[in-house]
Structures are given as structure tokens and as C-alpha cells.
Amino acid sequence: MDGNVEDFVETARNKQALNMAEMTKVDCRHIDVFYDEKQAIYDISMEIQDRAVTAFIGPSGCGKSTFLRCINRMNDTIESASVKGQIIMDGADINDPSIDPVLLRSRVGMVFQKPNPFPKSIYDNIAYGPRIHGLAAGKSELDEIVESSLRKAGLWEEVKDRLAAPGTSLSGGQQQRLCIARAIAVSPEVILMDEPCSALDPIATARIEELIDELRERYCIVIVTHSMQQAARVSQRTAFFHLGKLVEYGDTERIFTNPEDSRTQDYITGRFG
Amino acid sequence: MNSPAPNPETKGTFVTDAALKRLKKRHAAETRFKFYGQFAIAIAVLALIALLVSIISQASSAFQRNMLVFDITLNAEDVAPNGTDDPDAIARNVSGFNLLLQDSLRDQFLPEDADASETRQLFGLFTRLAVLPVAKKTAAHVDMVGTQQTVSVALADDIDLYLKGGVTERKSIDLGQVASARGAIGDGIYVSLAPGTDTSALAEAIGGFQEQSLDDSAPTTLIGIGNTWYSVTGFSSNEIALAYLAGARVAPDPSQGIRALVLAQAEANRTVSDRQIAWTMLLKDEGRIRKAFNSTLFTNADSTYPELAGTAAAIVGSLLTMLVTALLAIPVGIFAAVYLEEFAPKNRMTDLIEVNINNLAAVPSIVFGLLGAAVFINFFGMPRSVPLVGGLVLGLLVLPTVIIASRAALKSVPPSIRTAALGVGASKTQSVFHHVLPLAAPGILTGSIIGMARALGETAPLLLIGMVAFVAEVPDGPTDESTVLPVLIYKWSTGAERAWEPQTAAAIIVLLVFLVLMNLIAIILRRRFERRW
Ligand SMILES: Nc1ncnc2c1ncn2[C@@H]1O[C@H](COP(=O)(O)OP(=O)(O)O)[C@@H](O)[C@H]1O
Ligand SMILES: [Mg+2]
């Protein structure tokens, strides 16, 4: 496991050195997803950029979450789901049977719609991932990971005095940032967020959005959102889904100012959704 | 909850008559439902109280026992056969101790020429084996041999019951003083009471008991004067004719106090004879009958004599059986539940298994007993009547309960915890064992302990594997012959002697205490686990 993570750090450094900002991190090719007989995703291909925020928008039930879950193979945990197609990440097809989904998920973190901290202490919430992946050699190293993860998630100042308090005792917004910190702690390359703000109030939402903007400098972030404003605020790229198909994908600015497809236009202007 | 009914005078336009009517109906329905609920709870509580009161009132007499006290020299030739000082030989010398105590009673109460029936009645005040604790104590302190000691033995169950108010109804009546007496102990005594003595209470008692009598037999009247007891042979207008029964062989003197004891039943209809009652009264007057906590109930194994029977063997047997049951049912049940709930693919096969587990939980327990007898005893050749087999049978019996409870507990863990663990790269097994199982633990524990409590009270399957055997020794291990508490209760409840009744109730209380303890443990453990969120 260690080897993998170090490999990643290596790649990340290389990229930084080469200043490859506009680089494809995840390349999805001809993805079909079925729930039993029912098809939920129809032949979607898209390239997701590194060090950028990509937003998935579209009406409810159009397959945004389903597609997002393909990227860290969370669909494997749904018994009825089957995924076809290739997803290339760092030169390897993650759907290849030789790739262990458990390893993949340590490199592709996920934040869910409803904050779901473990019913353990704040410290243990963050430390759990590094522990099972053997990322820290000792207690002090683990402490460092916990602190840096909480700092990156902008939560350190608020919780540094009560790391032993249960994670569930935090407010909803803090819990969601805790979940982000937990995802960061295993040093992933990609962070997937499925409507991370839909259960939060506007102020907590604003904080998460700020955080996403900061994290963009280090990670490839994919965010599913219901809110057009949010997509416009935080993302550089936007993908519009409709009925399991990718309708339009491009720079956020262009999608919002000059959509090519009439359905995108209708959705953005609020004519359906 | 009930909003006040709107005042029709001031009702606004939106409160129509129809709406008011509906509202009234709704309130009525609510009140009715509340009443049903309270009524149901009241019935449950009353039933519980009735059960507890009846058991406790019956058992209370079993927790106290009347002991007969002797101040006696433990002569070496009686208690230590052939001058031995081997503790084992002394402990085994039950008949030596028995003879010593019997002789002491005979010297006190019977003349040299007493007939066999009288002697048997006297010796019937306690059973042979009642001296066992005395023998054991002497064996433990050999230097007691040859010295004067105060020892006490349990009175026979009938006598004990009599002293506790059982055997027969009775009335004690003070008759004032003897005015005059004539006759001799050998041929009959006639006493007259002091003039003006009110004998109406006596007549009333005799008349009342006579009326109650089912077979028209006359009630018995015993008369005590000083340290002598007589039975009444007849009443004449101014005299009472008495026949000597027990105690000092001296004719009554005028101005001695006289009292009557009226017994509802004739001697032939009771298990305790007139003489035994007279001796008991005398011993009581001497202060030689003492009430003591019946520790026998907890230290002795089963016995054919209720006054010597205890629950020790059954308690140990139950504990050993529970141990085997827990070792089988809890780990297997939890792992089966975890597999079915977390890992098994959801298909026909698992549906079938699920249905079968649910059905298994409803199979009558006696069927498990048959299974145990057929498989463990006949096929695997395990011994009969042992906690190992009992525990295995009960383990199979509670396995479905544990599985169902554990699955329910696992199901109640929110799926978001699983996805959270998987999301940070935990494997399926890690997510289950690190997160899901600890959260489900309180529920699993509660289910398991409830299952164990059910096993603790189970009788039928154990009867079939021979755990109903008479066990006079506390078992040493799970492969020793043994019985368990509920079977012991069943056996005691079928005992012929009246004294088994309180004994049974006492054993029930012991069982209930165990059940309460188990539930307490469940609650404590649950609190413990829940504090870790
Ligand atoms: N676990 C599942 N089993 C079966 N069908 C599902 C499951 N999850 C989602 N679907 C179906 O797949 C389609 C896409 O759902 P989803 O990806 O959740 O949409 P979105 O996130 O865009 O609202 C929907 O029609 C939904 O009913
Ligand atoms: Mg969704």
C-alpha cells in the first residue's frame, strides 16, 4: 500500500515541477452503468482535469451520483450495479480486475451528501484512514497528519482543543469539513463530492465552497451539485447530465453564458429541473 | 395534546359545526385509545404483581428453617468409631451422630419401656441425614470430639411446616388455672377449671373446626399443664378427662396454669402426630427450637428430604450449561448474522436461509431436545444428563434468536457509516469489524442475553437428554451428571410432601434472581458500549 501512495506523491511532484496545470487526471471512456436491467448511464466519455474543480449538474435522477461513484468504484458496493467502459487514471484502467478498489479509494477520496463522521472522536475520524493504510510510522507522525488534514479543511482552529470530542458533536457544517479532512488524510489525488452542501445552511455552504476553492490547488475535485450558482462559483469545468447522458461538457463560464445545447440552456435558466 | 374545544359562541367562520363534530370524534378516539393502553398496562402490571406476591409469600417460609438445638457432649465412642481421628471417617459416621442425638431425645422424653411406635415418632422429629452438617463440622475440627458442644439440626419437613403454621389449622386458648385434679398419669387425669372460667372460646373453636371437617372426624384438643401435655378424652359438666401424652410425668397441681391447643384435624388425617406436636411444644418452651436462615437451600445438592434439599448442584449445573450455550450460540450466531447481513449476496439461497432461520426460531423447544438426544447422545455417543450436551442443545435452540437479534442490530447501523469507511479505503471486512460491529454491539449483546435468559428457563429439551436425573453431588465440570434450575423446579413441584411447595417457590426465586442478574448485566454492558457512542 505504501508503495502506491508514494508513487502518487512522486507523480504529483513531477506534475508540479512540470507545471502541468491543464492535465487530464481521469479519462472516462464509453461508460455504461446498469442497475440490473435498467441502464442509468449511456456511453459517457469525458476527461476530468487535475487541479481543477469539475461540477456535475443536471436534474434529479439523471445519473450524476452514479457516474461519480464510477470514479472510485463505489458502485461495486451496490450489488445490482454493473459498470462497463474504461476509466484511465495515471495510465491504468481502474476498472481492471487487477486494481484493488480498496487501494483505488485511498487515492480517490469521497465526501457524501449527508455528513457521515464515524461515531468516534474527531482525532480518530481523521486518523482512521492513515492507520488502515499504514501511512504514519508513529504517534507523532499520525498527530501531524491529523493536524495538517484539519488545517487543510479549515477546521483546525475550531477543534484543536477538543480532538477527543465525538465527531458527531460538531455542527453540520463542521461535520462536513471533518469528512473532507478525513478524505484528505489519506493523501488522495482525486476528491469526489456528492452534493456536499445540500444538507448545510448558507453560511456553512460558503465555508465549504471557500475550502473547495483552496483545495483545487492540490487536488482534482469533482463535485455534484444541485445549485447552479454553486457550480458557477466553485467550478472551472461543468458537465451537464440529462437522462443518463452527458449533454454538454466544457468550461464553466462558457456553459453558463453560452450553452450549445438547448436542454442545457433550459436547465440553466430554470425551465426544468 | 388536547386543545380545548372551541367555544361555539365565539367560533370564527372557519369553525363549522361539521368540523367541530369531527374534532370531537377525534378527541374521543384519542381518549379511548389512551384508555386501552393504560388498561393493557394495568393488566400486565397486576399479573406481574400477583405472580411475585404469590411466589414470594410461598417461598418466604422456605428461606427460614426451624432448627433443633442440642447441648451435647460429642463422646468419642459415639462419633469417632474405634477411636479414630480421621476426619473422613468422622464425616462418614452419620449414624453415630444420629444415635447420639436420638438417644439424648429419648432420655429426655421417653421412659425405658416406650414402645417402638412412640420411639419412631420421637426420632421422626428430624431425619437421619440432618446430622450431616454436624458430622462435617466435627470432622473439620477434630478437637471438638469429647467436648460439650451446642449443635443444631434441621427439624423434619412436617414439623417445620407445622411450626410455620402448616399441616393443620389450630387455635391456642388460655383456660386460666387448674382448680382441682384427681387421678394418676397412668390411668387418666381429671381436672376441673377454676370457677367462672370462660370456656366459650374453647367450645367455639372445637365447634368451628368440627363444622369445617370434611369427613366428620372430630378435631383434636390438647391440654398443656406445666411441662406436661395431655390429650382430651372427654368433657363432663365440670371436669375434663385427660390422657398423658408427653412431658413430665407428674400429675397437675391446683392453681397451675392450663392451656388448650385445638387442632382442626384428627390425628389420623395429619402427617404430624399428637405426641410430636406435644414434644415440639415442649422443646419450644425450652427454647431449643430456633429459626435460622436456610443456607442449606444454597449449599446442598438435591435430596429426597425437602429439609435437606438445596439448589447448589442445579445452580452450578445451570451455570455450566449456560457457559456451553454461550460459547456455542453467541460466536456462531454473531458470525452467521454478520455474514448474512454484510457479506452474503442477496439471492434465492440467502432468502431460503433467512426463512429457515426464522422458522427455526419458532420450532418448539422439545424438538431440539429430541434432536439433541438423537444426534449428540445416540450418534456421537456423548454421556446423558451432562451440561455439555444440555448446553449444546440450548445453544442450537437460541442460535436463531441470536442471529435474528444480531441481524436486526446490524441492520440498524446507518449505511452511511459503511460508505464512509469504504470511502476512505477500508475493505469490506475492515468496515464491518471496525465500525459496524461496534455500533451494533449493544443490540447484539441485548439479543444474546435475552436468548441466554430464554435458555436458562428452558426445561423440556433438557428432560429429553436426561438432565432430570437425581443429582446429589455438585458437578465438577461440564461432563459431570447434572441438573439445572428449571428442571429442579419441575421435579420439586411434583414432590408429594407439602414441604416441597415452599421449597419449589424458593427455587423459583433463585431462578428469577438469576434472570434479573442477567438482564442487569445486559443493561450495564449496553450502557458501557453506548457511552463510546
Ligand atoms: N442503488 C440503486 N439501485 C437501482 N437504481 C438506482 C440506484 N441508485 C440510483 N439508481 C437509479 O439510477 C438513476 C440515476 O440515479 P442517481 O445517479 O442517483 O441520480 P442523481 O444523483 O443525478 O440524482 C436513477 O433513475 C435512479 O433511480
Ligand atoms: Mg445524487
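The relative contact order of the range B:63-162, computed from alpha carbon pairs under 8 Å that lie at least 6 residues apart in sequence, is 47 percent. With semi-axes defined as the square roots of five times the eigenvalues of the C-alpha gyration tensor, the equivalent ellipsoid of the range B:63-162 measures 23, 17, 11 Å, largest first.
DSSP assigns beta bridges within the protein assembly as shown; of those with both partners inside it, close to 80 percent run antiparallel. Cα centroid separation, the range B:503-533 to the range B:268-327: 26 Å.
I'd like the orientation of helix A:139-152 relative to chain A: the angle between its Cα long axis and the longest Cα principal axis, in ° from 0 to 90, rounded to 10. In chain A, helix A:139-152 runs at an angle near 40 degrees to the longest axis. Within a straight-line Cα-Cα reach of under 16 Å, residue B:291 can be paired with the following lysines, leaving aside sequence neighbours fewer than 8 residues apart in one chain: B:164.
For the range A:99-163, what class follows from the C-alpha gyration tensor (a ≥ b ≥ c being the square roots of its eigenvalues): rounded when a/c is under 1.5, otherwise prolate if a/b is larger than b/c, else oblate?
Oblate, because a/c is 1.5 or more while a/b does not exceed b/c.
Over chain A, DSSP H runs of length four or greater, each weighted -39,500 (n - 2.57), average out per residue to a 222 nm ellipticity of -12000 deg cm²/dmol. Averaged over the residues of peptide A:117-130, the number of Cβ atoms from other protein chains lying within 10 Å of each residue's Cβ is 3.
Using Cα pairs closer than 8 Å and at least 6 residues apart in sequence, work out the relative contact order for chain B, in percent.
Relative contact order for chain B comes out at 15 percent.
In whole percents, the pair-distance distribution calculated for chain B from its alpha-carbon pairs, binned every 20 Å from zero, is 16, 33, 28, 17, 6, 0.
Span-like helix criteria (full DSSP H runs; alpha carbon extent of at least 30 Å along the helix axis; mean Kyte-Doolittle hydropathy of at least 0.0) are satisfied in chain B by B:17-63, B:312-338, B:387-411, B:500-530. A compact globular protein would have a Cα radius of gyration near 2.2 N^0.38 Å; the ratio found for the range B:166-291 is 1.02. Spatial offset of the range B:64-81 relative to the range A:71-146 amounts to 80 Å, using the alpha carbon center of each.
Summarising the amide proton neighbourhood of residue A:45: residues at separation of 5 or more, or on other chains, whose placed amide H is nearer than 5 Å comprise A:30, A:31. For chain A, the mean projected area of the C-alpha convex hull, equal to one quarter of the hull surface, is 14.4 nm². For a paramagnetic label modelled on residue B:288 (point 7 Å from Cα along Cα→Cβ), amide N atoms under 15 Å away belong, within the range B:140-168, to B:149-156.
The length gained on full extension between residue B:103 and residue B:352, counted as 0.36 nm times the residue separation minus their Cα-Cα distance, comes to 82.2 nm.
Based on every Cα atom in the protein assembly as shown, Rg and the maximum pairwise Cα distance Dmax equal 43.1, 137 Å. In terms of overall dimensions, the range A:49-134 has a Cα radius of gyration and Dmax of 14.8, 40 angstrom. Hey, what did chain A get for relative contact order, percent, Cα under 8 Å, at least 6 apart? So the answer I get is 26 percent.
Residue ranking by accessible heavy-atom surface, 1.4 Å probe, largest first, among A:158, A:217, A:37, A:189 comes out as A:37, A:217, A:158, A:189.
Taking every pair of alpha-carbon atoms in the range B:8-58, give the share separated by more than 13 Å as a whole percent.
The proportion of pairs with Cα distances above 13 Å equals 70 percent.
By the helix-only formula, in which each DSSP H run with n ≥ 4 contributes -39500 (n - 2.57) and the sum is divided by residues, chain B has a 222 nm mean residue ellipticity of -17000 deg cm²/dmol.
Helix A:122-133 versus the longest principal axis of chain A: what angle, 0 to 90°, nearest 10, using Cα atoms? Taking the Cα atoms of chain A, the angle to A:122-133 is about 80 degrees. Peptides B:103-116, B:373-386 ranked from most to least packed by the mean count of surrounding Cβ atoms within 10 Å: B:373-386, B:103-116. For residue B:175, the residues whose amide H sits under 5 Å from its own are B:258, B:259, B:260, ignoring neighbours fewer than 5 places away on the same chain, with H placed 1.01 Å from N. Shielding value for B:425-433 is 5, the average number of Cβ atoms from other chains within 10 Å of each residue's Cβ.
Summarising the amide proton neighbourhood of residue A:224: residues at separation of 5 or more, or on other chains, whose placed amide H is nearer than 5 Å comprise A:56, A:193, A:194, A:195. With a Förster radius of 51 Å applied to the C-beta separation of residue B:470 and residue B:430, the computed FRET efficiency comes to 0.45. With each label modelled as a point 7 angstrom along the Cα→C-beta vector, the residue A:35-residue B:380 pair spans 4.7 nm.
Largest accessible area first, the listed residues A:238, B:31 line up as B:31, A:238 when surface is computed with a 1.4 Å probe on the assembled protein chains. In this label model, residue B:15 and residue A:261 are separated by 5.8 nm, measuring between points 7 Å along each Cα→Cβ vector.
The values are calculated or read from the model by the stated rules, or taken from the named source; none is laboratory data. The shown structure was predicted, so the numbers you read here are calculated from the model rather than taken from an experiment. So basically every Cβ, Gly included, is an ideal-geometry build from the backbone, and we count neighbours across all protein chains shown. These area figures cover heavy atoms from the full protein model, side chains too; ligands, DNA and RNA do not enter into them. Shrake-Rupley method; radii C 1.70, N 1.55, O 1.52, S 1.80 Å.
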